[in-house]
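Since the structure comes first, as structure tokens, the remarks are kept for the end.
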Amino acid sequence: MNTITIPSPSERIIDFILNPEPVLRLNPSWHVRGIEADREGSYALRLYDDRADVTMHIALRVKVREKAICYIMNAEMIVFSVDELEPTTSRLTITGGMFRNEDLPYWLRGVRNYMLLEEKQSRVIKWFLDSVWLRMTPSQRRIALMIIMAEGIGLIVLIAVIIAFTILKP
């Protein structure tokens, strides 16, 4: 799956993709260790691949071609195509070899959810994502999710025990 429908106008999606920092931070395998703008449309990136345990230094150029945005990363190109379905709904398609195929569905859902947060103007959640969550490495995010789930299950069990004791109390 390399296509997702986003309930947002195509111009907003294009503006979002033109800023590579959040786009790359939403990828489930990479951690952006550094991004520096060289000149308009050119960036120097340091990406850490969590699964391969490798840090990559990449020169990124962002080019716009009609309704497509091209990320030219060293010798590879990633194309983000945006098609407007309705005035408030668009389809985002990604093609290219820089992303792992198994990461695409998670990455695309992350982009859609992030853009929905922008639409809802959830400033606190968006601040948390930008300041904390997306600055973590992908393995740190997975560990944090496991801890949150374990703590949530523990809280539910504690509540169930308290309710059971209050019901069974003579």
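The values are calculated or read from the model by the stated rules, or taken from the named source; none is laboratory data. Remember, it's a predicted structure, so these values are computed and weren't measured experimentally. Here the Cβ is made from the backbone with ideal geometry for all residues, glycine too, and neighbour counts use every protein chain on show. SASA here: full protein model, heavy atoms, side chains in, ligands and nucleic acids out. Shrake-Rupley method; radii C 1.70, N 1.55, O 1.52, S 1.80 Å.
Pairwise Cα separations in the range 99-147 fall into 10 Å bins from 0 onward with the following percentages, short to long: 23, 49, 27, 1. In terms of overall dimensions, the C-alpha atoms belonging to the range 37-170 reach 74, 42, 27 Å along their principal axes, ordered largest to smallest.
Where does the chain land at 222 nm, in deg cm²/dmol rounded to the nearest 500, when only DSSP H runs of n ≥ 4 count, each adding -39500 (n - 2.57), divided by all residues? Mind showing how you got there, number by number?
Working: 5 runs with 71 residues, N = 170.
Taking each H run of at least 4 residues, the total per residue is -13500 deg cm²/dmol.
The residues of the range 21-170 have, on average, 62 Å² of accessible surface per residue, using a 1.4 Å probe with all protein chains present. Computed from backbone phi, the HN-Hα couplings of the range 74-89 come to 6, 9, 9, 10, 10, 10, 9, 9, 10, 10, 7, 8, 9, x, 10, 9 Hz, rounded to whole numbers (Karplus: 6.51 cos²θ - 1.76 cosθ + 1.60, θ = phi - 60°; Gly and Pro given as x).
The 1.4 Å probe gives accessible areas that order 49, 130, 83, largest first, as 83, 130, 49. Note on the chain: GNM, Cα springs under 10 Å; of 65, 25, 12, the largest mean-square fluctuation is that of 65.
The stretch between residue 162 and residue 5 holds 52.1 nm of extra length on full extension. This uses 0.36 nm per residue minus the Cα-Cα distance.
If the label point is 7 Å along Cα→Cβ of residue 95, which residues in the range 60-74 have backbone nitrogen under 18 Å from it? Residues passing the 18 Å test: 63-73. Note on the range 115-170: the alpha carbon radius of gyration divided by the globular reference 2.2 N^0.38 Å gives 1.73. Of all accessible surface on the chain at a 1.4 Å probe, what whole percent is carbon and sulfur? For the chain, the apolar C and S fraction of the accessible surface comes to 59 percent. The lysine pair tally for the chain, using Cα distances under 29 Å and a gap of 8 or more places or different chains, is 4.
As I understand it, the value is the acute angle between the Cα axis of helix 104-120 and the longest principal axis of the Cα atoms of the chain; what does it come to in degrees, rounded to 10? Once rounded, one gets 80 degrees. With the whole protein complex present, residue 169 retains an accessible surface near 150 Å², based on a 1.4 Å probe.
Here the contact order of the range 1-94, divided by its residue count and restricted to Cα pairs under 8 Å and six or more residues apart, works out to 30 percent.
Between the DSSP loop rule and a limit of at most 13 other Cβ atoms within 10 Å, which GluC sites (Glu not before Pro) in the range 1-56 are left? All intermediate terms of the calculation are to be shown ahead of the outcome.
Details: sites: 11, 36, 40; in loops: 40.
Taking the range 1-56 and a limit of 13 other Cβ atoms within 10 Å, the loop GluC sites (Glu not before Pro) found are 40.
Debye-formula intensities of the range 1-100, expressed as log10 I(q)/I(0) at q = 0.21, 0.24 Å⁻¹, are -1.12, -1.35 (one equal scatterer per alpha-carbon, no solvent).
Normalised by the number of residues in the chain, the mean separation of alpha-carbon contacts (under 8 Å, six or more apart) gives a relative contact order of 24 percent.
Which GluC sites (Glu not before Pro) from the range 47-106 combine a DSSP loop assignment with at most 16 other Cβ atoms within 10 Å?
On the way: sites: 66, 76, 84, 102; in loops: 66, 102.
Sparse-neighbourhood loop GluC sites (Glu not before Pro): 66, 102.
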